[in-house]
1. Determine whether A:Ser272 is within 17 Å of A:Val39 (Cβ to Cβ), at pLDDT below 90, surrounded by fewer than 21 Cβ atoms within 10 Å (Cβ to Cβ) and not acidic (Asp, Glu).
2. Please count how many residues of segment B:349-363 are out of contact with any Gly (no Cβ under 6 Å at 6 or more places or on another chain), assigned to a helix (DSSP H, G or I) and of a type in the set (D, E, K, R).
3. Specify which of the listed residues (B:Ala129, B:Ala112, B:Ala139) is at pLDDT 90 or above, of a type outside the set (S, T, N, Q) and assigned by TED's automatic domain parsing to the domain that holds B:Ala32.
4. Taking segment B:175-198 as the search range and keeping residues that are more than 28 Å from B:Leu72 (Cβ to Cβ) and of a type in the set (A, V, I, L, M), which one is farthest from the other protein chains (Cβ to nearest Cβ)?
5. Restricting the search to segment B:289-325, which residues are free of Cβ contacts under 8 Å to residues at least 40 places away in the same chain, assigned to a helix (DSSP H, G or I) and of a type in the set (D, E, K, R)?
6. Scanning for something buried (at least 21 other Cβ atoms within 10 Å of the Cβ), charged (D, E, K, R) and touching a helix residue (DSSP H, G or I) at 6+ places or on another chain (Cβ under 6 Å), does segment A:145-158 turn up at least one residue?
7. From A:Val87, A:Val78, A:Val161, A:Val131, grab the single residue that is in the same structural domain as A:Gly177 (by TED's automatic domain parsing), surrounded by fewer than 20 Cβ atoms within 10 Å (Cβ to Cβ) and either more than 30 Å from B:Ala221 (Cβ to Cβ) or out of contact with any strand residue (DSSP E or B) (no Cβ under 6 Å at 6 or more places or on another chain) (or both).
8. Does segment A:53-91 hold any residues that are within 22 Å of A:Thr14 (Cα to Cα) and basic (Lys, Arg), and which are they?
Amino acid sequence: MTPAGPAIEVNDLTVAYRQQPVLWDVDLEIRAGALTAIVGPNGAGKTTLIRSVLGLIKPAAGRVRILGLPVAEARRQVAYVPQRGSVDWDFPTSVLDVVMMGTYGQLGWLRRPGRDEARRAEEALEKVGMVAYASRQIRQLSGGQQQRVFLARALVQDARVHLMDEPFQGVDARTEGAIVDVLRELRNRGDTVVVVHHALQTVPEYFDDVVLLNVRKIASGPVARVFTEANLREAYGGRLPFLQGVTGGAALEPGREAPTTDILPDPGGDVSSPPAGSGGGGGSWTRP
Amino acid sequence: MSLGAFLHDLLFDYTLRTVALGTAALGAVAGALGCFAVLRRQSLLGDAIAHAALPGIGLAFLLTGSRATPILVLGAALAGWLGTLAILAIVRSARLPEDTALGIVLSVFFGAGLVILTFVQRRPTAAQAGLETFLFGQAATLLVRDVQFIAGVGAMALLLLFFFWKEFKILAFDPDFAASLGLPVRRLDVFLTSLLVVAIVLGLQAVGVVLMSALVVAPAAAARQWTDSLRWMVLLGGALGAVAGVTGASISAMGRGIPTGPTVVLVASGIVAVSLLAAPGRGLVAEWIRTRRTRTRVRADSVLADLYALGSQHSRVTHPHAAATLRAMASDPAEVERSLQILESRGWARSNDQGLWALTEEGAERAERLFRSGSGEEEAT
């Protein structure tokens with residue numbers, strides 16, 4: 001069942017750290033029941049956008065509504081997958097314990113997770129193919145396994161809206177496939193999934209909608225309409241990695257030649273090159 | 001004093017028993033709550049809180065004229081708590097990193113405390129005697145009612161830790177995720193830090209403001225070495241804290257004028273040193289053994305590779321060669337003999353009656369697998 005309105009509604013959102021705007025006057029609607037990617041260069045405010053939607057950051061201005069409710073009232077409907085690097089994986093705890101943390105919100109004060117919560121955590125681990133690791137120490141996990149544990153913790157929350165900060169970061173191809181399968185399953189049952197994403201080349205394959213962000217919102221909507229070269233160029237300021245073959249042929253404006261000569265693929269997929277205009281020496285990927 | 005006599009005194013000597021019970025209680029509370037401080041990377045916060053508590057002790061005495069433990073502890077707690085809030089405020093508003101804020105608060109509060117203590121000591125009344133023991137601690141000054149107070153308040157702190165276990169656990173592991181669940185992380189943070197303040201001020205009379213943080217950090221750091229479960233770490237941290245407290249305080253109570261704080265620190269340091277060295281898994285000795293095993297295996301594999309390379313130049317790969325040849329090829333010639341023995345014991349190489357070494361069929365197969373297929377499968381040994 002897909003609710004009538006948008007799953008997430010952001011109005012005039014502005015976030016600043018010490019007078020430096022990180023998000024500038026962002027208006028955004030995220031379609032319910034869709035898989036949406038948030039893309040943009042480093043420092044574009046992607047993580048900040050997700051954290052603001054979750055109410056983890058107090059914005060300078062603006063309003064966020066989730067499923068038509070203020071964030072505080074929608075908490076039970078929202079699951080969160082933070083960046084893998086945001087926690088200490090040497091913390092003395094087991095995989096099952098971490099996944100059970102997803103149930104703490106429903107448990108309330110003074111109640112301890114019990115057999116029921118452990119069973120649900122195991123089911124979630126099953127879905128991400130990690131049930132064999134339930135009693136492992138989290139220290140022993142690889143990057144991809146850590147990411148799947150975080151995903152399982154979000155699944156246990158049993159939410160309708162899922163916000164994920166770079167769930168594909170540092171995972172191998174097999175794990176990426178497994179995660180995509182889970183995301184599609186969530187979408188197919190009508191949930192809304194929003195993912196901060198870095199690899200532009202997989203956007204058309206994985207996602208229904210896309211939000212292009214660079215402090216301001218550049219564009220948002222269905223991938224086929226929004227994920228165009230012109231929009232990408234605007235979001236990335238001409239410093240565009242992997243442009244060739246990123247946008248589908250249909251998305252290219254007709255009659256226009258793809259100007260690939262001035263844009264070299266960035267081997268690392270890293271877009272942290274010096275900002276345009278800073279005159280970084282020999283930046284061969286910046287436009288003359 | 002023999003151990004037997006010491007144990008006898010511990011059980012039946014009134015002073016020593018009181019001291020032991022008191023320091024066991026405060027060591028347990030500090031050790032248990034210290035685990036959260038260590039895991040949240042707030043080890044230095046404990047030190048700042050302890051130092052910041054000193055002016056509170058002096059002021060509490062100046063205002064009330066009483067040296068009763070609950071009054072002084074209350075003063076210490078208020079000052080320690082104010083110091084903590086000051087640190088948070090400085091970090092939040094002044095663009096200074098946390099360690100700078102800790103340093104500022106620690107030294108300013110401690111300095112103020114020393115000034116107040118000096119002022120108190122110059123006053124012509126006799127009641128101030130002994131206030132300076134709060135600097136380095138004197139467990140022998142603990143009275144039965146002090147011990148009851150420490151045990152009572154400490155038990156309350158541990159009970160609260162028990163009730164809010166899952167909240168504190170998620171706060172320590174992933175505060176952002178906790179906030180996304182709707183938990184009031186900032187209030188929980190202040191709550192948990194307040195419990196730490198309580199644990200610290202309980203120990204000030206016995207252990208002293210200068211070194212009390214050792215009882216917060218050391219048992220927790222030691223406990224972390226032995227377990228990968230938060231529950232066991234906290235239980236073990238409490239137990240080790242109690243051991244450090246009792247041992248240190250008993251040693252200082254037996255001699256004349258030995259301050260308790262430094263003794264406790266020495267004992268706690270001993271526990272940490274043993275744990276860092278000997279703990280299975282995380283300990284340095286275990287690490288060293290693992291490294292040695294790996295090195296031995298790699299050396300044996302490289303001799304196997306050399307045998308294979310030599311054998312490949314002949315019609316049969318199992319053609320025998322002198323150990324001297326292998327030594328000439330090895331980067332670590334002195335270890336070749338041992339590597340050969342390992343290979344022989346695995347059935348991968350054998351020596352003939354002339355003392356020449358050759359691969360067995362099985363060894364040749366293994367060499368093939370290891371070195372022809374490139375980085376191959378892990379060898380189960």
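The values are calculated or read from the model by the stated rules, or taken from the named source; none is laboratory data. Small disclaimer: the values here were computed from a predicted structure and weren't measured. Cβ atoms come from the backbone with ideal geometry, glycine included; neighbour counts cover every protein chain shown.
1. Answer is yes for this residue.
2. 1
3. The match here is B:Ala112.
4. B:Leu188
5. Here is the first cut: in segment B:289-325, the ones free of Cβ contacts under 8 Å to residues at least 40 places away in the same chain are B:289-295, B:298, B:302, B:306, B:309-310, B:312-316, B:319-325.
Those still in the list that are assigned to a helix (DSSP H, G or I) too: B:289-295, B:298, B:302, B:306, B:309-310, B:312, B:323-325.
If the condition is that a residue be free of Cβ contacts under 8 Å to residues at least 40 places away in the same chain, assigned to a helix (DSSP H, G or I) and of a type in the set (D, E, K, R), then B:Arg290, B:Arg292, B:Arg293, B:Arg295, B:Asp306 are the ones that fit.
6. yes
7. A:Val87 is the lone residue from the list that is in the same structural domain as A:Gly177 (by TED's automatic domain parsing), surrounded by fewer than 20 Cβ atoms within 10 Å (Cβ to Cβ) and either more than 30 Å from B:Ala221 (Cβ to Cβ) or out of contact with any strand residue (DSSP E or B) (no Cβ under 6 Å at 6 or more places or on another chain) (or both).
8. A:Lys58, A:Arg63, A:Arg65, A:Arg75
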